[in-house]
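Okay, structure first, notes after.
The values are calculated or read from the model by the stated rules, or taken from the named source; none is laboratory data. Not measured: the values here are computed from a predicted model. Here Cβ is always computed from backbone atoms with ideal geometry, including for glycine, and neighbour counts include all displayed protein chains.
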Amino acid sequence: MTRLVLALGLVFLWAPVALLAGFAFSDARQPFLWGGFSLRWFQALARNERLLEAAFLSLSVAAGAATLAVLAGGVLGWVLARQGRFAGRPLFGALAAAPLVLPEVVTGLSLLLLFVVLEQFTGWPQGRGVATVLLAHASLGAAYVGVLVQARLAALGRVLEDAAADLGASPLAIFRTVTLPLILPSLAGGWGLAFLLSLDDVVLASFTGGPGATTLPVLLFSQLRMGPTPEANALAFILLAVAVPLGGLFCWWRGGK
Amino acid sequence: MIRAIAALWLALLVGAPLLVVAAMSLGVPVDGLPPYRIPLLAGEGMGEAEAWSVLTEDGHFLWALWRSLWLAGVSALGCVALSYPMALGLLRVPPRRRMAVLGLVLLPFTVGFVLRMAGWVGLLRDSGLVNQALIGLGLITDPLPMLYSEGAMLAGMIHGYLPFAFMPVLAALSARDPALEQAAADLGAGRLTIFRTVTLPVTARAGLAGFLLVFIPAAGEFVIPELLGPPEALLAGRAIWQEFFSSRDWPLAAAASMALLGVLILPILLWQRAPR
């Protein structure tokens, strides 16, 4: 019974995705009509400069936002796990977790309004663009990194750090030789998560991005509102073709442990 | 010092934006750039809070809020209800192949959110695959209007948010003690009874966490209703988006955001108390 539901669930999850990937090879101009085998939409995709530009922008924003998120989120997680009680700690904790639970439209609107008001008073940021999208994504990503780092530090306890301190290591040396290596897996995982969150986001990027900062999901969304395109099918196939070997590699790596 | 840097980050990118929204909801829309005026920031007191009176007197928006909570609730329930049997089925797969099947569950999500919804458009629209198949089989002569319906929207929501419920439920189910269910079985309980009286209670907190992880973002969802839902379906996320981008009534969009946050406070507090 549960295996039947698992099978049906897999059909439900795969049906729309398999449809995209399959019809990526159809010659027809209509995106979901079979017109014989052809690779023309992959060629069209390779020549679609607007889409390639958006994809490159998305990858850069995602990499930048994830890096900033790891730096900020690492500090957030460390403060939450290691600073004990301090004045304003409940507020600090609530603000650190807020991006995880706020609906995207609320986060997007609130960050955009902040940028507008900030510009009015300080002259920065001048309009909205890549920098504001990057900050918005970093703010969301940092919350996820913070949770991961906090959980990791809490699970590890203070024993190793205390031992290093007893042996005379300075706080900076403790951080560099004990804490950092221990939380490195969380930072790496958090970087990946923040990268994927940024790469998949429509709402924050729509609010905080300007006309010069159209990320790939924003472009795909605006195109899809006009109707699906065969080039999007080709893109879906490529994404799957990249994810399958990566997923396989990950399974094999995890299986080896 | 380090704490001050962290506090500054949170104050600037989380706290300040929320305060600005609160202030904006007390403003008035004006023609020009930027298209608002906030009496509070100009030192003129609270002002009339026009946006709030529009919000509370206009049944339109309250209805949108209610519909959003309803859609989010049904979506979250659907995700949890699908996650339990799928996760139990996955745990019955021999360990050697389990990672591969888990990969099969998660792989569709790598295509990205927008493209997955494009797939649903391709399945459900009048010239879509389902209608083509039904017409090809001779079951119907005219295409069924499936896209832009409540059902399509719900399918998209469950497809979009399933991992948020599936992962915590899977984690809780794989960590549960099999001896409890074994004991219940030895005492003669049927499979459904065991699930209802043992499995469900010992994993209830993860189930609740999964429900909330879907419910909270789903209540403000904009993209899925826009692509798959009925054009007239008025939801909170859509109302905020339209007030902001189309009507350019920033104070009303801000007040609507505050209202959405207000009704989500209870589930958010519940979520913060749930274990990770």
The range A:160-257: helices (runs of 4 or more DSSP H) wholly inside it with 1 or more residues that are under 21 Å from A:Ala46 (Cβ atoms) and not β-branched (Val, Ile, Thr) are A:180-199, A:216-226, A:230-255
Next on the checklist: Within the range B:94-109, does at least one residue satisfy the condition of being more than 13 Å from chain A (Cβ to nearest Cβ) and either part of a helix (DSSP H, G or I) or touching a Cys at 6+ places or on another chain (Cβ under 6 Å) (or both)?
Outcome noted: no
Taking first residues from the range A:77-96 that are closer than 18 Å to A:Ala142 by Cα and second residues anywhere that are in a loop (DSSP other than H, G, I, E, B), the pairs with Cβ under 8 Å that are 6 or more apart or on different chains are A:Arg82/A:Arg158; A:Arg89/A:Gln83; A:Phe92/A:Phe86
Residue count, the range A:8-34, condition among the small types (Gly, Ala, Ser) and more than 29 Å from the chain's Cα centre (by Cα), comes to 2
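Listed here are the residues, each with its yes/no results for (1) surrounded by fewer than 18 Cβ atoms within 10 Å (Cβ to Cβ); (2) away from chain A (no Cβ under 13 Å); (3) in contact with a His (Cβ under 6 Å, 6 or more places away or on another chain).
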{"position": "B:Asp58", "(1), (2), (3)": "yes, yes, no"}
{"position": "B:Phe61", "(1), (2), (3)": "no, yes, no"}
{"position": "B:Ala64", "(1), (2), (3)": "no, no, no"}
{"position": "B:Leu69", "(1), (2), (3)": "no, no, no"}
{"position": "B:Val74", "(1), (2), (3)": "yes, yes, no"}
{"position": "B:Leu82", "(1), (2), (3)": "no, no, no"}
{"position": "B:Ala133", "(1), (2), (3)": "yes, no, no"}
{"position": "B:Gly136", "(1), (2), (3)": "yes, no, no"}
{"position": "B:Ile140", "(1), (2), (3)": "yes, yes, no"}
For A:Phe32, the lone unmet condition from (1) crowded, with 22+ Cβ neighbours inside 10 Å; (2) part of a helix (DSSP H, G or I) is (2)
Scanning the range B:255-276 for residues that are assigned to a helix (DSSP H, G or I), modelled with pLDDT under 80 and more than 9 Å from chain A (Cβ to nearest Cβ) gives B:Leu270, B:Arg273
Those residues of the range A:5-24 which are surrounded by 14 or more Cβ atoms within 10 Å (Cβ to Cβ), free of Cβ contacts under 8 Å to residues at least 24 places away in the same chain and either in contact with a Phe, Trp or Tyr (Cβ under 8 Å, 6 or more places away or on another chain) or among the aliphatic types (A, V, I, L, M) (or both) amount to A:Val5, A:Leu6, A:Leu8, A:Leu10, A:Leu13, A:Ala15, A:Pro16, A:Ala18, A:Leu19
Listed by first then second residue, the pairs whose first member lies in the range A:197-213 and is touching a residue at least 40 places away in the same chain (Cβ under 8 Å) and among the polar types (S, T, N, Q), whose partner is assigned to a loop (DSSP other than H, G, I, E, B) and surrounded by fewer than 23 Cβ atoms within 10 Å (Cβ to Cβ), with beta carbons under 6 Å and at least 6 positions apart or on separate chains, are A:Thr208/A:Arg128
Checked B:Phe215, B:Phe211, B:Phe244, B:Phe195 against criteria (touching a Cys at 6+ places or on another chain (Cβ under 8 Å) and part of a helix (DSSP H, G or I)); the one match is B:Phe211
Across (1) surrounded by fewer than 24 Cβ atoms within 10 Å (Cβ to Cβ); (2) modelled with pLDDT of 95 or more, B:Met157 clears everything bar (1)
Within the range A:1-37, residues being more than 9 Å from every other protein chain (Cβ to nearest Cβ), charged (D, E, K, R) and under 21 Å from B:Leu102 (Cα atoms) number 0
Here the qualifying pairs (Cβ atoms under 7 Å; residues six or more apart or on different chains; first in the range B:3-24 and under 24 Å from B:Ala49 (Cα atoms) and more than 7 Å from every other protein chain (Cβ to nearest Cβ); second surrounded by fewer than 18 Cβ atoms within 10 Å (Cβ to Cβ) and not charged (D, E, K, R)) come out as B:Ala23/B:Leu40; B:Ala23/B:Leu41
Selection over the range A:217-238 where residues are within 8 Å of chain B (Cβ to nearest Cβ), crowded, with 17+ Cβ neighbours inside 10 Å and within 22 Å of A:Ser198 (Cβ to Cβ) yields a count of 7
Of all helices (runs of 4 or more DSSP H) fully inside the range A:38-145, the set with 2 or more residues that are within 16 Å of the chain's Cα centre (by Cα), within 9 Å of chain B (Cβ to nearest Cβ) and not small (Gly, Ala, Ser) is A:89-101, A:104-122
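Select from the range B:175-196 the residues that are surrounded by 12 or more Cβ atoms within 10 Å (Cβ to Cβ) and either under 22 Å from B:Gly78 (Cβ atoms) or of a type in the set (S, T, N, Q) (or both) and list them in ascending order.
Those that are surrounded by 12 or more Cβ atoms within 10 Å (Cβ to Cβ) and either under 22 Å from B:Gly78 (Cβ atoms) or of a type in the set (S, T, N, Q) (or both): B:Gln182, B:Thr193, B:Phe195, B:Arg196.
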- Task: Output yes when any residue across the range B:169-192 is closer than 18 Å to B:Ser68 by Cα, more than 10 Å from every other protein chain (Cβ to nearest Cβ), touching a Ser or Thr at 6+ places or on another chain (Cβ under 8 Å) and not basic (Lys, Arg), and no when none is.
- Result: no
